[in-house]
Structures are given as structure tokens and as C-alpha cells.
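Asker: Quick one: this structure, given as C-alpha cells, is what I'll be asking you about.
All of the numbers you see were taken from the coordinates with simple rules; none came from a lab. Quick caveat, the model's predicted, so the values are computed rather than measured. Here the Cβ is made from the backbone with ideal geometry for all residues, glycine too, and neighbour counts use every protein chain on show.
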Amino acid sequence: MGIQIIQTSKSLEEKTIILGITGSIAAVRCVELARELRRDGADVHAVMTDAARKIIHPEAMRYATGNHVITEITGDVEHVDFCGIGGRATLLLIAPCTANTIGKIAHGIDDTPVTTFATTAFGSSIPIIIVPAMHKSMYDQPIVIENIGKLTELGVEFINPKTEEGAAKIADTEEIVLRVERAAGKKTLSGKRIIITGGATAETIDPIRILTNRASGKTGIELALEAFRRGAYLTLVHRGCLGIQGICEFYAESAKEMTDIVIEELGKGYDLLISAAAISDFTVIPLKNKIKSAKELTLKLKPAPKLIKEARQKYPDLKIIGFKAETGISDEELIRRARESMESSNLSMVIANDVSSGGMGTEENNVHLVDSSVKHVSASKRQIAIEIMDKVEEIMRNT
């Protein structure tokens, strides 16, 4: 019995996730959450408090997880089977978690199936992630804040709620899954500091108009998410707002802004720069007032700063991965130009593609990963990010 899951990733394959559900109205989101965890390959087992059962029926969670739902501790000692020493659980995720349950866990009170699992997980050093959801007045209560601080010091990871409409609402499902992937993963890039640029820049023409390109920024975002999954300290510089707790973001509008931010950040010590942004090659001197639409207009363009060139000059030992976008050329010529870029800027790798056949603004792309060898990848941008990060791991091992 259960939902037929179409697996989209193997990031949680062979991982057993215990989903603790407490009595918040956000419990209605748990069907979707369990489904997304299973999509990434996880074996999900739900544990529910009595209060949670009043909000969502255990049969709904049985349907969502494909497993029997634990609503009480029986002679099967379920908490030890999953969260005891040598137990089956990879991670305990309590989502949503009420102020009541946070307080109980913080003070060692063990009177519900969820708190029993938490107590056992603590004793076995199984990672615990807590996702609070409650009224904002409860979340801001000093004792609740103190309890969260206490549990954080004990190694519990919290995923901050979204504060809106007077409530501390449960975090987005995508963020919860991402944080589970990071916590349950092998952390192959742990301790590595990576800065990634993504998307298009925009050059101001007047207070209303800009000069830009068709890049969507999806590749940069997927690269950032994949590096984060693998445990890296991650900084993303782009014209968007990802809003993921744990990922440092900078908003950069123009080529100069992006270059200045990256150069300044690199001074803090990074292991790798991935320059995935489609940075403007040209900029203009902006006008203070709007150009009247009736007028014929000639724009005078001047070269914009070259991020990779400046980064290489200032940080000669920095590992850099570049991107090469061309149009209307053969694969052989594309690869040749990628190698030229590698040699001229001393790059560790170049990702090259012909954008005339797609890639900008799409969910999929067709690229060549060029280093000492050439690997052709035609896949979703998430899968391409996985392939690139596999290469990054090799680069970091050889550093």
C-alpha cells in the first residue's frame, strides 16, 4: 500500500528517515513531505503523537510512506529498532514540531512516541532535525527561544519557520528535503568553501531600462544546491533570492557589482570559484532620466569587467571553473575554444555548450565538461550539476 513514487534523484537512496509528526496544523503538509523524501530514494517511516492524529489520520501517512505508522511504543520496541545503537534510522526529522514537543525534548521529558524516538536518537548520536511550526507569539516566547538554543548547543539542527500572517509557519518542503539531504549525505565537500555566480547580469540604460541576456540562473542555483547537499560552505552571487538557510547569498545587478562582490568575498578565503553567470560583456553609461520613447537612440557600449581575469590576477592559486557559451559551431570547435579558455586563464575545467540549440532558460541542457578529458552530458540541469560536482570532488582531492 502507498503512493507510486517516481524517483527523481538518488540523493537519499538507502537512507531511512524517521518522520516525527506532532500536533501542529502544519501536519497536513506531511503527506507531501513524505512523498518528496521518497522521490529522492528515502525509506520513510512516520511516528505520530496523539495530537497529530487529531489533525491527520495515520492511514494518510501510511499511504504517503508506504510503511506502517507508529502511533505508540509496543513490545516491538520500535524506538530502539530505528533509533537505538546500530538502529535502522539514518536521521530523525520532526516536522512539524510544536513548542510543547521542543520543550519536552529540551528537558528530557519522554511521554509521546515522538519524544521517545528523540530520547533514543540522542543516546545513539543519530542526527535530529527539528522544523518548528506554531503561532508567532509562541515561537517568540523566551522559554521556547531558550529551549531551541539549548537543543542547538546539543547538536540538534533547526530549520527556521517562515514568519507571516502572525504565524511561524513550517518551512517550505523543498528546503526541508534539501536540509535532510545535506544532513544524511556523505558530506564529501565538507570544509570546502565554494563561491558560485549564476544567471544574467543587467546593465542600467536609464532608470527603467536595462541591457541583459536570456540566462535564467537555473544552472547556478542547481550547482549551489548540489554543493550544499555535499556539505560545502556555499556562497551564491546572482540577481535572485534563493532564501535557503545555510547558503550565503549576495544580490548583484551589474557585471561590475558581481565582479566587485566576488573579488571581495574571495579575500575571505575560498577553495573554488565556479563562474556560471552569463556576465555582460558590455556595459553603458546610464542616463539619469528616462529616455523618451519617440526618439531614435544609439547606445555606446564599452567592455564590462572580466570576472575570471580579475580573480585570476588577484588570486593566482585559486581553483576556477568557467563556462563557455557559443552559437552555431561544431562540437569540435566548441571544445577547442573551451580548451583555449582553460589555458589562457589557468582554469580547472570549462563547461561548454552551444546555446543556439537550447540551454538558456530551459530545464535541460546539452553540455561538454572539458578538463584533461571531455565528457558529454545531455540531461536536466540538476543532473548536470551532479556531474559537475563529481568533477569538483576530484579537483578538491587533487588540491
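Asker: Please work out whether the range 332-399 counts as rounded, prolate or oblate from its C-alpha gyration tensor, where a ≥ b ≥ c are the square roots of the eigenvalues and a/c under 1.5 means rounded, while otherwise a/b larger than b/c means prolate and anything else oblate?
Answerer: Numbers: a/c = 2.36, a/b = 1.22, b/c = 1.94.
Judged from the Cα gyration tensor, the range 332-399 comes out oblate (a/c at least 1.5, b/c at or above a/b).
Asker: Suppose R0 equals 35 Å; then what is the FRET efficiency for Leu297 and Thr327 from their Cβ-Cβ distance, rounded to the nearest 0.05? Walk me through the numbers before you get to the answer.
Answerer: Working: r = 26 Å, r/R0 = 0.74.
Efficiency, rounded to the nearest 0.05: 0.85.
Asker: While we're on this one: How many angstrom separate the Cα center of the range 220-288 from the Cα center of the range 105-155?
Answerer: About 35 Å separates the Cα centre of the range 220-288 from the one of the range 105-155.
Asker: Something else now. Taking a 32 Å limit on the Cα-Cα distance, which of the listed pairs Lys218/Lys314; Lys302/Lys324; Lys187/Lys302; Lys162/Lys268; Lys309/Lys391 fall beyond it?
Answerer: Lys187/Lys302
Asker: GNM on the chain, C-alpha springs below 10 Å: top fluctuator among Ser373, Ser341, Ser216?
Answerer: Looking only at Ser373, Ser341, Ser216, the largest GNM fluctuation is found for Ser373.
Asker: Express in nm, to one decimal, how much length is gained between Glu393 and Ile143 on full extension, taking 0.36 nm for each residue of separation and deducting their alpha carbon distance. Don't skip to the answer; put the middle values down first.
Answerer: Working: separation 250, 0.36 × 250 = 90.00 nm, distance 4.28 nm.
Value of the extension gain: 85.7 nm.
Asker: How much of the DSSP beta bridge set in the chain is antiparallel, as a percent to the nearest 5?
Answerer: Numbers: 19 of 61 bridges.
The antiparallel proportion sits near 30 percent.
Asker: Quick check on the range 10-119: take the gyration tensor over C-alpha atoms, sort the square-rooted eigenvalues as a ≥ b ≥ c, and tell me if it's rounded (a/c under 1.5), prolate or oblate.
Answerer: Numbers: a/c = 1.56, a/b = 1.15, b/c = 1.36.
Cα axes put the range 10-119 in the oblate bin.
Asker: Taking a ≥ b ≥ c as the square roots of the eigenvalues of the Cα gyration tensor of the range 193-397, is the shape rounded (a/c under 1.5), prolate (a/b larger than b/c) or oblate? List each step's numbers first, then the result.
Answerer: Working: a/c = 1.67, a/b = 1.39, b/c = 1.20.
Cα axes put the range 193-397 in the prolate bin.
Asker: Could you name the lysines whose alpha carbon sits less than 17 Å from that of Lys290, not counting residues in the same chain fewer than 8 places away?
Answerer: Counting by Cα, and skipping residues close in sequence, Lys290 has these lysines nearby: Lys300.
Asker: Please give, to one decimal in nm, the separation of the simple spin-label points placed at Thr204 and Lys268, each 7 Å out from Cα toward the Cβ.
Answerer: Once both label points are built, they end up 2.5 nm from each other.
Asker: Using only alpha carbon pairs under 8 Å that are at least six residues apart, calculate the relative contact order of the chain and give it in whole percent. Write out the running numbers ahead of the final one.
Answerer: Working: 815 pairs, mean separation 43.0, N = 399.
Averaging sequence separation for qualifying contacts and normalising by length gives 11 percent for the chain.
Asker: When only Cα pairs under 8 Å and 6 or more residues apart are kept, what is the percent relative contact order across the range 193-397?
Answerer: On the way: 392 pairs, mean separation 43.1, N = 205.
Once divided by the residue count of the range 193-397, the mean separation gives 21 percent.
Asker: Here is a further query. Determine the distance separating the Cα centre of the range 327-359 from the Cα centre of the range 37-97; give it in Å without decimals.
Answerer: Cα centres, the range 327-359 to the range 37-97: 49 Å.
Asker: Nearest 500 deg cm²/dmol is fine: what mean residue ellipticity at 222 nm does the chain get from its DSSP H runs of n ≥ 4 alone, each adding -39,500 (n - 2.57), divided by its residue count? Walk me through the numbers on the way to the answer.
Answerer: On the way: 14 runs with 140 residues, N = 399.
Calculated at 222 nm, the ellipticity per residue is -10500 deg cm²/dmol.
Asker: Is there a pair in Lys186/Lys306; Lys150/Lys192; Lys104/Lys186; Lys15/Lys381 whose C-alpha atoms are over 26 Å apart, and which pairs would that be?
Answerer: Details: Lys186/Lys306 35 Å; Lys150/Lys192 28 Å; Lys104/Lys186 31 Å; Lys15/Lys381 24 Å.
Lys186/Lys306; Lys150/Lys192; Lys104/Lys186, as the Cα separations exceed 26 Å there.
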